[in-house]
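The values are calculated or read from the model by the stated rules, or taken from the named source; none is laboratory data. Please read these numbers as outputs of a predicted model, since none were measured by experiment. Here the Cβ positions follow ideal geometry from the backbone for every residue, glycine too, while neighbour counts run over all protein chains shown.
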Amino acid sequence: MKAQFKSLVAALAILFASAMLPAAAQYNNFQPTKEAVQEEKLLQQLKEGDRLSGRISIPDAKAASLIQPQGQSWRDFHQNKLPTIGGVVLLGMLGALVLFFLVRGRVRVEHGLSGQTITRFASLDRFAHWMTAGCFIILALSGLNVSFGRMVILPLFGPETFAELTHLGKLAHNYLAFPFMAGVALMFVLWVKDNIPNKLDLEWIKQGGGLFVKGKHPLAERFNAGQKVVFWIVITGGAVMSVSGWFLLFPYMAPDGVTSLQLMTTVHAVLAVGFVAAMLAHAYIGSVGMEGAFDAMGNGEVDLNWAKEHHALWVAEEQAKAASVPRNSVPAE
Amino acid sequence: MARVKFLCDADRCIECNACVTACKNEHEVPWGINRRRVVTINDGKPGERSVSMACMHCTDAPCAAVCPVSCFYTTADAVVLHSKDLCIGCGYCFYACPFGAPQYPKVGNFGSRGKMDKCTYCAGGPEEDFSTVEFEKYGRNRLAEGKLPLCAEMCSTKSLLAGDGEMIATIYKERVMKRGYGSGAWGWKTAYKETVAI
């Protein structure tokens, strides 16, 4: 019995030893100190956007990222590229508008104001427009302030007041984002049917919208090609701003942590600058730049001559609609 | 005045997390915030190394560069500190920091992260030294007491070094020369644009 046990132990021992041999040989070749990870090599191996990370024993999994060199590119974007893009685009647009005003002056209603008006935008249309526009102005100002205020406004007010102002701006930016998104959605629903591009738009664009030559008015339906461009800038721009902004509002929903947040801020900032520039042009032509245009979004009633010059086909359609309804119809008794 | 730095000799770090615990206890840091952490690279594989990481108090700090309200400042000892009174909790420093140092008290939806918190090199903040308000906002001010950061002071293997940059670089260099290996002064090239030449 004892001999049998001994031989069993021996057999097991041989089995173990033979099983262990390859593994042991593998570790014998490895030099744990000389071949340990080297920071420099690891950093060199990183590709663009990669992070040096490992395992962490605290519950915060995001803390497992040890070094993220991408932060330096983000800093470069924020400190150098964004101010350049912003400066060129925004100052460029302001310059272009001033130049346009000096050359073309205010676009007048050629046949003079008729005194008769036609309803262009109902109260729901105007509500959607002004809710979005009001939010947009505050979003734009607070956004510009958080990006460039340190250079421009901080020296004027001093650090405490500026920090308080910027904090209020941040709160406004966070909360007004929601009525802005609702406004964009509402405008989409209200106006999309009249903003589908068609052949008429090509002709309008060919004639430069009649903006540069006096007395020339290309035909247009409810919205001309220029207004359609503005509409689609607001809809697509608003959508991308909303999605990127959503991630910044809820930073812990971002799929790839800091890397995707860096991308989102970049998209949000570059698009915002373009968006603000486009809206400057929109606001100009809707107010100072064109006689009679503001009324459309003011009280909703535009002068008939203005409407005929800029939206001839729409006026014809509206008048046909009105004519088809008998004026003095007596309700059935 | 010295130019103080941190240096983690990863070949000595045993991932005991005493630095993490010491920091949390010394400054009474709230739950969820870790000013310092230990990350293990190549975990469970041959050549594994652990690195204790916190704010590296960078030369030309990225956080300070991108802060929209300019709430950061650098002390005479080259410690990078910030004012929680000015901080608006926007998260920009977190995007720019290579080391993941900035922490926020709220897992804030709605961008309400709260005021940023990070390693102060045990040097307090802009409030009056040793005041209650300084302790509550920034933690203990050991530097003003003539002491070094507690994480490094109590490191059991003396892996984590804090103090004058040149002095700790010399200590690390001597170690590497003597034992014949070293995985590098982690974060130095990124933070200080220089590394310890061996």
Return only the number of the condition from (1) at pLDDT below 95; (2) more than 13 Å from chain A (Cβ to nearest Cβ); (3) not in a loop (DSSP other than H, G, I, E, B) that B:Thr190 does not satisfy.
(2)
Set B:Leu148, B:Leu161, B:Leu143: member being assigned to a strand (DSSP E or B) and either under 27 Å from A:Ser65 (Cβ atoms) or more than 14 Å from every other protein chain (Cβ to nearest Cβ) (or both)
B:Leu161
Failed item in (1) under 15 Å from the mean Cα position of the chain (by Cα); (2) at pLDDT 95 or above; (3) not acidic (Asp, Glu), with B:Met116 passing the rest:
(2)
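Just to verify a result, which residue in the range A:63-72, among those that are part of a helix (DSSP H, G or I) and within 7 Å of another protein chain (Cβ to nearest Cβ), is farthest from B:Tyr95 (Cα to Cα)? First the steps, then the outcome.
Keep residues of the range A:63-72 that are part of a helix (DSSP H, G or I), which gives A:63-64, A:70-72.
Remaining after also requiring within 7 Å of another protein chain (Cβ to nearest Cβ): A:63-64, A:71-72.
Details: A:Ala63: 14, A:Ala64: 15, A:Gly71: 6, A:Gln72: 9 Å.
Looking at residues that are part of a helix (DSSP H, G or I) and within 7 Å of another protein chain (Cβ to nearest Cβ), I get A:Ala64.
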B:Asp9 is checked against (1) surrounded by fewer than 17 Cβ atoms within 10 Å (Cβ to Cβ); (2) more than 11 Å from chain A (Cβ to nearest Cβ) and fails just one. What number does that condition carry?
(1)
Could you look through the range A:167-187, keep only residues that are buried (at least 17 other Cβ atoms within 10 Å of the Cβ) and closer than 22 Å to A:Arg126 by Cα, and pick out the one that is nearest to the other protein chains (Cβ to nearest Cβ)?
A:Ala177
Identify the residue in the range A:231-258 that is crowded, with 19+ Cβ neighbours inside 10 Å and β-branched (Val, Ile, Thr) and, among all such residues, is nearest to A:Ile285 (Cα to Cα).
A:Val234
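Output the residues belonging to the range A:214-264 that are part of a loop (DSSP other than H, G, I, E, B) and touching a residue at least 24 places away in the same chain (Cβ under 8 Å).
At the first step, the residues of the range A:214-264 found to be part of a loop (DSSP other than H, G, I, E, B) are A:214-224, A:250, A:254-257.
Result: A:Lys214, A:Gly215, A:His217, A:Leu219, A:Ala220, A:Glu221, A:Arg222, A:Phe223, A:Asn224, A:Gly257.
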With respect to A:Val98, determine if the residue is away from chain B (no Cβ under 14 Å), farther than 16 Å from A:His282 by Cα, part of a helix (DSSP H, G or I) and modelled with pLDDT of 90 or more.
no
The number of residues in the range B:108-127 that are part of a loop (DSSP other than H, G, I, E, B) and more than 9 Å from chain A (Cβ to nearest Cβ) is 12
Could you pull out the residue among B:Ala65, B:Ala18 that is more than 20 Å from B:Ala169 (Cα to Cα), in contact with a helix residue (DSSP H, G or I) (Cβ under 7 Å, 6 or more places away or on another chain) and not β-branched (Val, Ile, Thr)?
B:Ala65
Return a yes/no flag: does the range A:269-281 have any residue that is at pLDDT 90 or above and loosely packed, with under 15 Cβ neighbours inside 10 Å.
no
From (1) outside any helix (DSSP H, G or I); (2) touching a Phe, Trp or Tyr at 6+ places or on another chain (Cβ under 9 Å), pick out the condition that doesn't hold for A:Gly49.
(2)
Selection count where residues are farther than 21 Å from B:Cys58 by Cβ and without any contact (Cβ under 8 Å) to a residue 60 or more places away in the chain, scope the range B:172-197:
6
Quick one: how many residues across the range A:150-163 are touching a helix residue (DSSP H, G or I) at 6+ places or on another chain (Cβ under 7 Å) and at pLDDT 95 or above?
1
Where in the range B:17-107 are there strands (runs of 3 or more DSSP E), lying fully within it, with 3 or more residues that are crowded, with 21+ Cβ neighbours inside 10 Å, within 8 Å of chain A (Cβ to nearest Cβ) and among the β-branched types (Val, Ile, Thr)?
B:37-41
Note on the range A:53-94: residues under 24 Å from B:Pro68 (Cβ atoms), of a type in the set (A, V, I, L, M) and free of Cβ contacts under 8 Å to residues at least 12 places away in the same chain are A:Val88, A:Leu91
Might you let me know whether the range B:39-48 holds any residue that is in contact (Cβ under 8 Å) with a residue 12 or more places away in the chain and not β-branched (Val, Ile, Thr)?
no
If we keep just the residues of the range A:149-164 that are over 15 Å from B:Ser83 (Cα atoms) and at the interface with chain B (Cβ under 9 Å from one of its Cβ atoms), which is surrounded by the most Cβ atoms within 10 Å (Cβ to Cβ)?
A:Gly149
